[in-house]
Amino acid sequence: MLRPGLKSIWAVLLTAVVLLSAGLPVHARAGFFNRDVGSGAKPLPSSSPSGKLQEVAPPGAVQQLRQELQRHRPSLRLVDPRNDTIVATQELELSFEIDDWPLSNDPELGLGPHIAIQIDDRSPLRLSDSDGNRLTVRIDDLEAGSHRFSAWAAYPWGEAVQSPGASIQGRVHLWQKLQGTQPDRDAPWLVPVPPAGEQGLQPLLVDWLLWNAPLQNLREGDGRWRLRISIDGDSFLVDHQEALWLKGSNGASSHDIQMELLNGLGEPITPVFNNQLVHLKAPSGPKPGWMRSRLNESQLARLSGSPEPERPETVEQPKEAPQKAEQPPQLTPVEIEAETEAETETETETETETDPIAPKNSDQETPQSPLDQDQATTEASQPTPTQEEPADNDNDLPMNTSDNNPSVAGKPTESLEQQAKAEAKLMPSSSLGGSARELLNSDGRLRKP
């Protein structure tokens, strides 16, 4: 039989145990992340894409952009309203600040680095315009009550940057809080990250954010959670947070991607928040720039939000002024005089070559006949006539022209000389020498006594 004081103590202890067992939330039980599983239980192993799904490398442009943007470390902060506050207005306005993330939106290549904001299970809002480093978004169609939101720095293709500080999450309440409609502060919840444009482009981007999930795989057998991904009926399990690029072979134009958060044994974790479905519509219009196989330097700069490289023609523009007017350089008076003399000599040579009257070459004279050559030899070998001989020659020529041949007396002297030459050509060559030469005139005829 117990004493009255002991009965009171036992009653208090029993009441406390009952209250604690009844009031413990489901998501915080010991088995939430498989903590109460005995040492003999093994976590569910992860698996690779199977069936019609195949993991592939991202497009070439994605690899270029990732390499260009990896030097940035974006830092995102919520400015207004503060997390988990009540806002007494129908229109919700959220303000953020972003550092070290080049926002851009090219009219030809499409959306560049941007900020994505998702409220509850709605499609993300994508912001690429900022006032300095401030971004603001207004939402006027939210119902009264509690809402959760996520925001993250996104690559041009929509993937979330996984570096610390690049993403935030919070809660906001319109008019008042509603318990049970949102996960608790420390509860895990899943946010699917669809590709930019939410189109079923091949290869498919599969990405997500997982809030409040514990670290795992620090040692063998400590798996705490698994994510089951199902795409058009084919499923696989992953145990680490890393974006995937998948290619399907079913030829479907649209795709349904389901994501389920499980514990290490494969049991669902608060499926009301962690069982999400993303529908990717059929592709339409031109492909975005990040789907190309390769980008040139200008396209890479525009799509990554970096300054465009200077074009060679832009750099050389100041040097084009002297090249525009291709005028001869200014010459000094000495150079002008030298150039004029050179031009005069050139013109003189040209006129000499082209003059039809001037002889082209002294070596090209009319060749002499053998008779002319003998006559020339004979005349060259004759001694120089004495003073008496010219008198004889002078007497002979008038006698020949006036007495013997009066018909040619009136002809010019040039005609007589031509006639004498012609007669000399007809005369046989003579080899007379010595005193015999004195009997002949210079034209080869016998002298008259």
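Side notes on the structure shown:
- Selection within the range 111-128: residues that are outside any loop (DSSP other than H, G, I, E, B) and under 29 Å from the mean Cα position of the chain (by Cα). The member of this set that is nearest to Leu69 (Cα to Cα) is His114.
- Test: residue in the range 46-56 that is within 33 Å of the chain's Cα centre (by Cα) and closer than 24 Å to Gly305 by Cβ: no
- Selected residue [under 32 Å from the mean Cα position of the chain (by Cα) and open to solvent by 30 Å² or more (accessible area, probe 1.4 Å)] from Asp141, Asp131, Asp106: Asp131
- Any hit, the range 206-214, residues being more than 26 Å from Ala151 (Cβ to Cβ) and outside any strand (DSSP E or B): no
- Index of the failed condition, Asp121 passing every other in (1) within 21 Å of Gly180 (Cα to Cα); (2) open to solvent by less than 80 Å² (accessible area, probe 1.4 Å): (2)
- Residue within the range 150-164 that is of a type outside the set (A, V, I, L, M), open to solvent by 10 Å² or more (accessible area, probe 1.4 Å) and modelled with pLDDT of 95 or more present: yes
- Residue match in the range 255-268 (condition: at pLDDT below 95, assigned to a loop (DSSP other than H, G, I, E, B) and either touching a helix residue (DSSP H, G or I) at 6+ places or on another chain (Cβ under 6 Å) or polar (S, T, N, Q) (or both)): no
- Each residue in the range 167-204 was checked for being crowded, with 17+ Cβ neighbours inside 10 Å and of a type in the set (Ser, Thr, Tyr), and 1 of them qualify.
- Arg138 free of Cβ contacts under 8 Å to residues at least 12 places away in the same chain and either touching a strand residue (DSSP E or B) at 6+ places or on another chain (Cβ under 6 Å) or among the basic types (Lys, Arg) (or both): no
- Complete set of residues in the range 280-292 that are touching a residue at least 60 places away in the same chain (Cβ under 8 Å) and open to solvent by 20 Å² or more (accessible area, probe 1.4 Å): Lys281, Ala282, Pro283, Ser284, Lys287, Pro288, Met291, Arg292
- Selection status of Leu218, free of Cβ contacts under 8 Å to residues at least 60 places away in the same chain, open to solvent by 20 Å² or more (accessible area, probe 1.4 Å) and of a type outside the set (D, E, K, R): yes
- The range 221-244: number of residues that are of a type in the set (Ser, Thr, Tyr) and either closer than 17 Å to Ala116 by Cβ or open to solvent by 60 Å² or more (accessible area, probe 1.4 Å) (or both): 0
- Odd one out for Pro203 among (1) more than 43 Å from the chain's Cα centre (by Cα); (2) farther than 29 Å from Ala41 by Cα: (1)
- Conditions (1) at pLDDT below 95; (2) under 30 Å from the mean Cα position of the chain (by Cα); (3) open to solvent by less than 80 Å² (accessible area, probe 1.4 Å); number of the one not met by Arg71: (3)
- Test: Trp101 is surrounded by 19 or more Cβ atoms within 10 Å (Cβ to Cβ) and touching a helix residue (DSSP H, G or I) at 6+ places or on another chain (Cβ under 8 Å): no
- Summed over the range 75-110, the residues that are in a strand (DSSP E or B) and out of contact with any Ser or Thr (no Cβ under 6 Å at 6 or more places or on another chain) give a count of 15.
- Pairs meeting the criteria (first residue in the range 166-185 and small (Gly, Ala, Ser), second residue part of a loop (DSSP other than H, G, I, E, B), beta carbons under 6 Å, at least 6 apart or on different chains) are Ala166/Pro74; Gly170/Asn83.
- Residue in the range 91-98 that is hydrophobic (A, V, I, L, M, F, W, C) and without any contact (Cβ under 8 Å) to a residue 24 or more places away in the chain present: no
- Among the residues here, Ala321 qualifies as open to solvent by 60 Å² or more (accessible area, probe 1.4 Å) and either within 23 Å of Asp186 (Cα to Cα) or at pLDDT below 90 (or both).
The values are calculated or read from the model by the stated rules, or taken from the named source; none is laboratory data. Just so you know, these numbers come straight off a predicted model, no measurement behind them. A quick note on method: Cβ atoms are made from the backbone with ideal geometry, for glycine too, and the neighbour counts reach across all protein chains shown. The area values use the complete protein model at the heavy-atom level, side chains included, leaving out ligands, DNA and RNA. Shrake-Rupley method; radii C 1.70, N 1.55, O 1.52, S 1.80 Å.
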